[in-house]
Amino acid sequence: MLKIAILSQGPKLYSTKRLVEAAEERGHEVQVLATKKCYMDIASHDPSVHYKGKELEPFDAVIPRIGASLTFYGAAVLRQFEMMGAYPLNESVAITRSRDKLRSLQILARAGIGLPLTGFANSPDSTQDLIKIVNGAPLVVKLLESTQGKGVVLAETHQAAESLIEAFRGLNANFLVQEFIKEAGGADFRCFIIGDKVVAAMKRQGKEGEFRSNLHRGGSASLIRLTPEERSTAVRAAKKMGLNVSGVDLLRSNHGPVVLEVNSSPGLEGIEAATQKNIAGLCIEFIEKNAKKGKTKTRGSG
């Protein structure tokens, strides 16, 4: 029996509930901890995590379900558990690496993994060349802090692209400019990876007139058969981030599969419904096979 902590602000969220169920079904003791309510005693001889006025007993493993807005604090809490010898399903360094959109794309590009043409700039003088880098309009502008399709905008004409880039700059926002993969037809593939395998995959199709395929934005999910190249690309992307469990989002482009994002806290609801697979159970099984005290070794690079 393992003692497992789940770091989550939403104990009633589908993914958190499923992980609790799966762990308890396999005979483990589980505690859901609200990430923001954890606080730390950072002592070299005896590091500890406190919660609601009490020091927590050591855990064998920790499952981080840290929201994007809590990345900095959540990673600090997870690091503290790692210092105490708990096995993290995903390590703090890998999570912060994957959450930095620019850094993660640079890591993937360095590894030769397919990506949409992407530009990043700060000066208004660079707008015209930035648009050229991604082969002109239509193009996509993405806030670096965006999640679930928020802060992702399609500029259909050159003039719209200029206006949009200027508007984002006026807000002092950090953003990427990417080519629009028209041939994807508003669909992407979510590949759910555990260890070095794609254990499930689904096609996410944006609703009529919507280029974003996120399920949170009304997209639909269905079963998809990946090509060997798509599987290999997804696994390599997850490995480069150093993530044990991830959701890799791919597009089918004319020049092969391209990675949109590597998600360190992929939701379970859509993928379990589309594939009828017990993904939560597979996550717990992975912990059972790999959890050893103090086994925290960040993989990947960057």
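Data table
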{"read-out": "C-alpha long axis of helix 158-170 to longest principal axis of the chain, angle in °", "value": "40 degrees"}
{"read-out": "Cβ charges +1 (Lys, Arg) and -1 (Asp, Glu), total dipole of the range 183-264, debye", "value": "180 debye"}
{"read-out": "Mean projected area (nm²) of the alpha-carbon convex hull when the range 118-180 is viewed from all directions", "value": "3.6 nm²"}
{"read-out": "Centroid-to-centroid separation of the range 100-123 and the range 216-293 [C-alpha atoms, Å]", "value": "20 Å"}
{"read-out": "Value of relative contact order over the chain, rounded to a whole percent, pairs C-alpha under 8 Å and six or more apart", "value": "19 percent"}
{"read-out": "Rounded tilt (10° steps) of 14-25 against the dominant C-alpha axis of the chain", "value": "30 degrees"}
{"read-out": "Value at 222 nm in deg cm²/dmol, rounded to 500, when DSSP H runs of n ≥ 4 in the chain each add -39,500 (n - 2.57)", "value": "-9500 deg cm²/dmol"}
{"read-out": "Residue-count net charge about Val77 - beta-carbon cut-off 11 Å; Lys, Arg +1, Asp, Glu -1", "value": "+2"}
{"read-out": "Ascending count of other beta-carbon atoms within 10 Å, so fewest first, for Cys283, Cys191", "value": "Cys283, Cys191"}
{"read-out": "Using θ = phi - 60° and Karplus 6.51 cos²θ - 1.76 cosθ + 1.60, couplings along the range 181-190 (whole Hz; Gly, Pro as x)", "value": "8, 4, 5, 6, x, x, 10, 9, 10, 9"}
{"read-out": "Convex hull volume of the chain per residue (C-alpha atoms, cubic angstrom)", "value": "136 Å³"}
{"read-out": "Sequence ranges 231-244, 192-205, ranked by mean other-Cβ count within 10 angstrom, highest first", "value": "231-244, 192-205"}
{"read-out": "For the range 3-97: span of alpha carbons on each principal axis (Å, largest first)", "value": "36, 28, 25"}
{"read-out": "Size of charge dipole - the range 77-194 - debye, nearest 20, with Cβ of Lys, Arg +1 and Asp, Glu -1, no other charges", "value": "320 debye"}
{"read-out": "Selected from Thr127, Ala221, Leu176, residue furthest toward positive end of dipole (the chain; charges at beta carbon)", "value": "Ala221"}
{"read-out": "Simple Cβ-charge dipole of the chain, Lys/Arg +1 and Asp/Glu -1, about Cα centre, in debye nearest 20", "value": "440 debye"}
{"read-out": "Amide H within-cut-off set for Glu91, under 5 Å, with H built and near neighbours excluded", "value": "Asn244"}
{"read-out": "Met40 paired with Phe72, simple spin-label distance in nm, labels 7 Å along Cα-to-beta-carbon", "value": "1.4 nm"}
{"read-out": "Asn174 paired with Ser220, simple spin-label distance in nm, labels 7 Å along Cα-to-beta-carbon", "value": "3.8 nm"}
{"read-out": "Shape of the range 183-264, Cα gyration tensor, a/c cut at 1.5", "value": "prolate"}
{"read-out": "Helix axis angle, 279-290 relative to the chain longest principal axis, alpha carbon, degrees", "value": "60 degrees"}
{"read-out": "Farthest positive-ward along the range 3-97 dipole, Cα basis, beta-carbon charges - from Gly27, Gly85, Thr71", "value": "Thr71"}
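Laboratory data are not the source of any read-out in this text; all were calculated from the coordinates shown. Keep in mind that this is a model prediction, so the values were computed, not measured. Don't worry about glycine lacking a Cβ; one is built from the backbone with ideal geometry, like all the others, and counts go over all protein chains shown.
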